[in-house]
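The values are calculated or read from the model by the stated rules, or taken from the named source; none is laboratory data. Since this is a predicted model, take the numbers as computed values, not measurements. In this analysis, Cβ positions are derived from the backbone assuming ideal geometry, glycine residues included, and neighbour counts consider all displayed protein chains. With ligands, DNA and RNA removed, areas are computed over all heavy atoms of the protein, side chains included. Shrake-Rupley method; radii C 1.70, N 1.55, O 1.52, S 1.80 Å.
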Amino acid sequence: MAGAIIENMSTRKLCIVGGILLVFQVIAFLVGGLIAPSPTTAVPYMSVKCIDVRKNHHKAKWLMPWGPNHCKKLKDFDEAVSRQIEANDIVFAVHIPLPSKEMSPWFQFMLFIMQLDIAFKMDNDLKENAEITLDVSLAYRDNMFDDWEEIAHAIEIRKLKCTFGSPKTVESEGRHYDCDFLPFMEIGSVAHKYYLINIRLPVNDRKGINVGIGEIKDIRLVGIHQNGGFTKVWFAMKTFLTPSILIIMVWYWRRITLMTRAPVLLEKVIFALGISMTFINIPVEWFSIGFDWTWMLLFGDIRQGIFYAMLLSFWIIFCGEHMMDQNERNRLSGYWKQVGPIAVGSFCLFIFDMCERGVQLKNPFYSIWTTEVGTELAMAFIIVAGICLCLYFLFLCFMVFQVFRNISGKQSSLPAMSKARRLHYEGLIFRFKFLMLITLACAAMTVIFFIVSQVTEGHWKWGDITIQVNSAFFTGIYGMWNLYVFALMFLYAPSHKNYGEDQSNGDLGVNSGEELQLTTTITHVDGPTEVYKLAGKEAQE
């Protein structure tokens, strides 16, 4: 009777913990959906054609598209021909942001893509596999009356991928090609108020530079930056979650150090997962508001990569530690076949990111996809990482199958076991099924919300209430994985109770062989885990 009461109380505690976590999960989604604006904003820019007839163009002053010191403008290229202005004397100027606006450090990053308006002309047709050479410069200033300071200058080559939907005849002259967007620039901070881009298309018939690229009418840019309102909500979430995970992590490790045995592998991995989650949570982005830290995008990718690698490793080791066979797996070297693909895949993605965003720290106009060698190298890294991911999931599925097969075998023999061994295996089975359910739920919610955010228009409107789906996806999934790690450390921490010798061995009648078996898992003679207690597994008859 007493055992049943204790079990009901423990089940109620487990429901309460689950309910509290569910409430926080709903709040995480609502914060993004109702409070935060859309994560990013796309702003179209039309370049202004300026005339620069001086020599040594690289040393020329910056050409402004508008304002008190704006450049001499061209309406179109027909005017340039009539005035005998050469292509090398034309500069496409773009001021960021639009007139009467300012950029802000809260925007965090700027990503630009380019679209070319190319007209068909019989005597200046666009050649197949044509390449365009861009002489681009980027400058900044924080006051409308200050001089421009150069950030970067580069000569970049982009491949043109265009189609023409009409027959190439005289009647079709003037119609535009349908060209793909081109990657143009990415910069990892927005530390200044005003930016200026000058683009030149140098022409050299002898070297074949910008020959056979058709008749370019205009250059359009689309600038994408993070919304300041979303950034503030994101920083607030990080600031709140950092101490939450840090406190539970310290509490979890203190529980482990109070035990008489050394930490087992699974406990170490859970603690490492908490460290990687804390590494993501630490809101170092606050410093980007006052400092020009262009490396924040790369740093964020590295932090996420470490967390995902630890999460994948944890799933493998968790399955291995619940095999319930006689093999010794309390060593990381015992999982080299499963963890190896994670390490190789993570390394390939790290090298790819360094080749892309690492180079962009010096040259924001660089893109690894603009050259054949770069494209092949990038695809090689991605393919290897994809193969490693496939191998990992094959290993993981096989281990999950083995665990469930062993569970079926153990459940049929549970009644014949001694009480200590029976309680031990019941705890293992419950823990495994419980975590598998939570893991599948988290993975399913991640996939579902990602698909919904891609296929919807970005927001739902119910009456007077507007829900930002993309923002809810970011804040909700981010909060969900924090709660996942929080629940792991809370539910799988060793019990704070100190069980005496008579209660552990004498009363339960466990022999020395059974005691050694218990020491290989978290459910130990020093005390069961929190989830073991909450499930009522320690209730005495």
Subject >> The one condition in (1) of a type outside the set (Asp, Glu); (2) closer than 30 Å to VAL26 by Cβ; (3) modelled with pLDDT of 70 or more; (4) part of a helix (DSSP H, G or I) that PHE450 fails to fulfil >> reply: (3)
**OP:** For ASP292, work out the one condition from (1) buried (at least 17 other Cβ atoms within 10 Å of the Cβ); (2) over 13 Å from the mean Cα position of the chain (by Cα) it doesn't fulfil.
**Re:** (1)
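Report whether or not ARG141 is free of Cβ contacts under 8 Å to residues at least 60 places away in the same chain and either of a type outside the set (Gly, Ala, Ser) or out of contact with any Gly (no Cβ under 9 Å at 6 or more places or on another chain) (or both).
yes
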Original post:
Is the range 43-62 home to any residue that is of a type outside the set (Val, Ile, Thr), in a helix (DSSP H, G or I), at pLDDT below 80 and under 32 Å from the mean Cα position of the chain (by Cα)?
Top reply: no
Original post:
Here are some conditions: (1) buried (at least 18 other Cβ atoms within 10 Å of the Cβ); (2) basic (Lys, Arg); (3) at pLDDT below 90. LYS127 meets all but one. Which one does it not meet?
Top reply: (1)
Original post:
Among the candidates ILE155, ILE118, ILE113, which residue alone is under 20 Å from ASN198 (Cα atoms) and without any contact (Cβ under 8 Å) to a residue 60 or more places away in the chain?
Top reply: ILE155
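Name the single residue that is nearest to SER166 (Cα to Cα) among those in the range 123-138 being touching a residue at least 12 places away in the same chain (Cβ under 8 Å) and of a type outside the set (A, V, I, L, M). Spell out how you get there, then give the answer.
Going residue by residue through the range 123-138, those that are touching a residue at least 12 places away in the same chain (Cβ under 8 Å) are 124-127, 129-138.
Subset that is of a type outside the set (A, V, I, L, M): 124-125, 127, 129, 131, 133, 135, 137.
On the way: ASN124: 16, ASP125: 13, LYS127: 16, ASN129: 19, GLU131: 22, THR133: 27, ASP135: 32, SER137: 36 Å.
This residue is ASP125.
Any residue at all in the range 174-190 that's touching a His at 6+ places or on another chain (Cβ under 9 Å) and in the same structural domain as GLN115 (by the TED database)? Spell out how you get there, then give the answer.
Start the filter on the range 174-190 by keeping residues that are touching a His at 6+ places or on another chain (Cβ under 9 Å), which leaves 190.
Filter once more, keeping what is in the same structural domain as GLN115 (by the TED database): 190.
Looking for residues that are touching a His at 6+ places or on another chain (Cβ under 9 Å) and in the same structural domain as GLN115 (by the TED database), one finds at least one in the range 174-190, hence yes.
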Original post:
Looking only at the range 354-390, which residues are among the small types (Gly, Ala, Ser), farther than 15 Å from PRO183 by Cα and crowded, with 19+ Cβ neighbours inside 10 Å?
Top reply: ALA385
Original post:
Out of LEU258, LEU297, LEU265, which single residue is within 30 Å of GLN411 (Cβ to Cβ) and touching a residue at least 60 places away in the same chain (Cβ under 8 Å)?
Top reply: LEU265
**OP:** Could you please give the count of residues in the range 200-244 that are under 38 Å from the mean Cα position of the chain (by Cα), assigned to a strand (DSSP E or B) and surrounded by fewer than 19 Cβ atoms within 10 Å (Cβ to Cβ)?
**Re:** 5
Original post:
What are the pairs, 6+ residues apart or on separate chains, where a residue within the range 464-485 that is in the same structural domain as LEU266 (by the TED database) and in a strand (DSSP E or B) has its Cβ under 8 Å from a residue that is open to solvent by 10 Å² or more (accessible area, probe 1.4 Å) and of a type in the set (Lys, Arg)?
Top reply: ILE467/LYS461
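Give the range 101-147 a look and list any residue that's assigned to a strand (DSSP E or B) and basic (Lys, Arg), or say none.
Of the residues in the range 101-147, the ones assigned to a strand (DSSP E or B) are 110-119, 126, 131-141.
Across the range 101-147, the qualifying residue is only ARG141.
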Subject >> Selected residue (only one of ILE197, ILE157 is within 30 Å of the chain's Cα centre (by Cα) and surrounded by fewer than 18 Cβ atoms within 10 Å (Cβ to Cβ)) >> reply: ILE157
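Could you say which residue among GLU186, GLU171, GLU150 is in contact with a helix residue (DSSP H, G or I) (Cβ under 6 Å, 6 or more places away or on another chain) and outside any loop (DSSP other than H, G, I, E, B)?
Of the residues listed, the single one that is in contact with a helix residue (DSSP H, G or I) (Cβ under 6 Å, 6 or more places away or on another chain) and outside any loop (DSSP other than H, G, I, E, B) is GLU186.
Could you list all residues from the range 370-415 that are small (Gly, Ala, Ser), modelled with pLDDT of 85 or more and farther than 23 Å from ILE157 by Cα? Break it down stepwise before answering.
Step one: filter the range 370-415 for residues small (Gly, Ala, Ser), giving 374, 378, 380, 385-386, 408-409, 412-413.
Filter once more, keeping what is modelled with pLDDT of 85 or more: 374, 378, 380, 385-386.
Within the range 370-415, ALA385, GLY386 meet the criteria.
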Subject >> Among (1) at pLDDT below 90; (2) farther than 30 Å from MET185 by Cβ; (3) out of contact with any Phe, Trp or Tyr (no Cβ under 7 Å at 6 or more places or on another chain); (4) of a type outside the set (Asp, Glu) - the single one GLY320 does not satisfy >> reply: (3)
